[in-house]
Amino acid sequence: MKPSFHARLINSPFEDPGLYVRVLREGCALMFDLGFTTNLSARDILKTSDIFVSHTHIDHFIGFDNILRICLKKEAPLRLYGPKGFIDCIEGKLKSYTWNLIRDYPLVLHIFEIDNNSIRKAAFKAADSFKRENIETSPFSTVLLRESFFRVSTAILDHQIPCLAFSLEEDYHINIDKDKLNRMDLPVGPWLRDLKTAIRENITDRSFTINGKTFTFTELKNIANITKGQKITYVVDVLGSDENMKKIIQLAQGSDVLYMETYFSDKDKDRAKDRYHLTAKEAGRIAREAEAGKLEILHFSPRYTDEPEVLKKEAEEEFKKPA
């Protein structure tokens, strides 16, 4: 199956956490957290349409300035999502600079702030020297972003402050059966993308002209097989409480890959509680109970610089423990 999402960690486990996801079908990208982003190219950053910030501790938010600088002449709006107080944090960042020479720049920032059952929206426009424009507050449940074939959902977790976890999920995946394609003597081409769009949008009266011959939607739909879509979940900086674990397991259920912090070893679990972080063993247990296909660990405490294998081993052993 050709994936729709290509995900990679931005930094090493001892550096600022962050996940970069290319949405291959759309030619765009999503970013989860904004620590140092210098390992991303300007091209990577300019492809980014949406950025999801777990919370605004410095190691999760310091990269905003780099993103802003590179995107100043970006034509398409840039959307950012974060927890309670996020709009104020963005405004504070923007107010720290002087913007007297950017009124002809196109960048518009759309900022979304999640607070329990509501979501607030504000905008900051380069053409208006990034002055805050409050737009609306509306009801909110779990879905932050819904596009044509995927959605991003969130859960509000406890890190002594609200901290967001995120799940990126494809509605379903459409695979083209090459044998059926060959039996019908049909070529690979742009029409396949149009067929997939028609299937997703249930446009049953659509027709397709291929090599001079016209086919109906009904004649072509059987060359496509519908399978489970990809799911990626990203979780960092949370207390290993029963309530947090329950929320994460529900959000991450059935993930193909679960990206999760393993900040402390189990031997330092008391320290983990004091600092509102997960242990490697807790991360492994969550991944197992969420029935994740793969656990990718990140965000290690510097105290394990000389023994990162301890965290890897504890997480993996707990993850693979028999039910």
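In a fully extended conformation the segment linking Phe14 and Glu289 would gain 96.4 nm over its present Cα-Cα distance, using 0.36 nm per residue.
The convex hull built on the alpha-carbon positions of region 191-246 has an orientation-averaged projected area of 6.2 nm². For the peptides 176-186, 30-40, 246-256, residues were scored by their other Cβ atoms within 10 Å and the scores averaged per peptide; the highest-first order is 30-40, 246-256, 176-186.
The distance between label points at Arg146 and Thr227 comes to 2.7 nm (points 7 Å beyond Cα on the Cα→Cβ vector).
Using only side-chain charges placed at the Cβ, +1 for Lys and Arg and -1 for Asp and Glu, the dipole size of the chain relative to its Cα centre rounds to 900 debye. Packing-based ranking of 17-24, 93-100 yields 17-24, 93-100, ordered from highest to lowest mean Cβ neighbour count within 10 Å.
Checking the Cα-Cα distances for Lys246/Lys267; Lys84/Lys321; Lys2/Lys74; Lys2/Lys281; Lys221/Lys294 against a 26 Å cut-off, the pairs over it are Lys84/Lys321; Lys2/Lys74; Lys2/Lys281; Lys221/Lys294. Please check which bits of region 13-39 a label hung off Ile176 would reach, taking the label as a point 7 Å along Cα-to-C-beta and the cut-off as backbone N under 19 Å. Residues 24-27 qualify, since their backbone N sits under 19 Å from the label point. Region 216-265 and region 77-101 have their alpha-carbon centroids 29 Å apart. Applying 1/(1 + (r/R0)^6) with R0 = 25 Å to the Cβ-Cβ distance of Asn100 and Phe36, what FRET efficiency is obtained, to the nearest 0.05? After rounding, the FRET efficiency stands at 0.30. Extending 7 Å from the Cα toward the beta-carbon at both Arg303 and Ala76 defines two label points whose distance is 4.3 nm. Expressed as a whole percent, the proportion of Cα-Cα pairs in region 238-323 lying more than 19 Å apart is 29%.
Taking a ≥ b ≥ c as the square roots of the Cα gyration tensor eigenvalues, with a/c under 1.5 meaning rounded and otherwise prolate when a/b beats b/c, else oblate, which class fits region 1-170? Rounded, because the longest to shortest axis ratio a/c is under 1.5. Grouping the Cα pair distances of region 93-175 into 5 Å bins from zero gives a pair-distance distribution of 3, 12, 16, 16, 16, 15, 12, 7, 2, 1, 0 percent in increasing distance order.
Placing dummy labels 7 Å off each Cα toward the beta-carbon, the span from Asn116 to Ser129 is 3.7 nm. Tell me which label goes with the value of Cα extents along the principal axes in Å computed from the coordinates here: (1) 56, 48, 37; (2) 60, 58, 35; (3) 68, 61, 37. Answer by label: (3). Scalar couplings 3J(HN,Hα) for region 143-151, obtained by applying the Karplus form with A = 6.51, B = -1.76, C = 1.60 to θ = phi - 60°, are 8, 8, 9, 10, 10, 4, 9, 8, 9 Hz; x denotes Gly and Pro.
None of the figures in this text is laboratory data; all of them are computed from the coordinates on show. Because the structure is predicted, anything quoted here is derived from the model rather than measured. Neighbour counts are summed over all protein chains in view; Cβ atoms, including those assigned to glycine, are modelled from backbone coordinates with ideal geometry.
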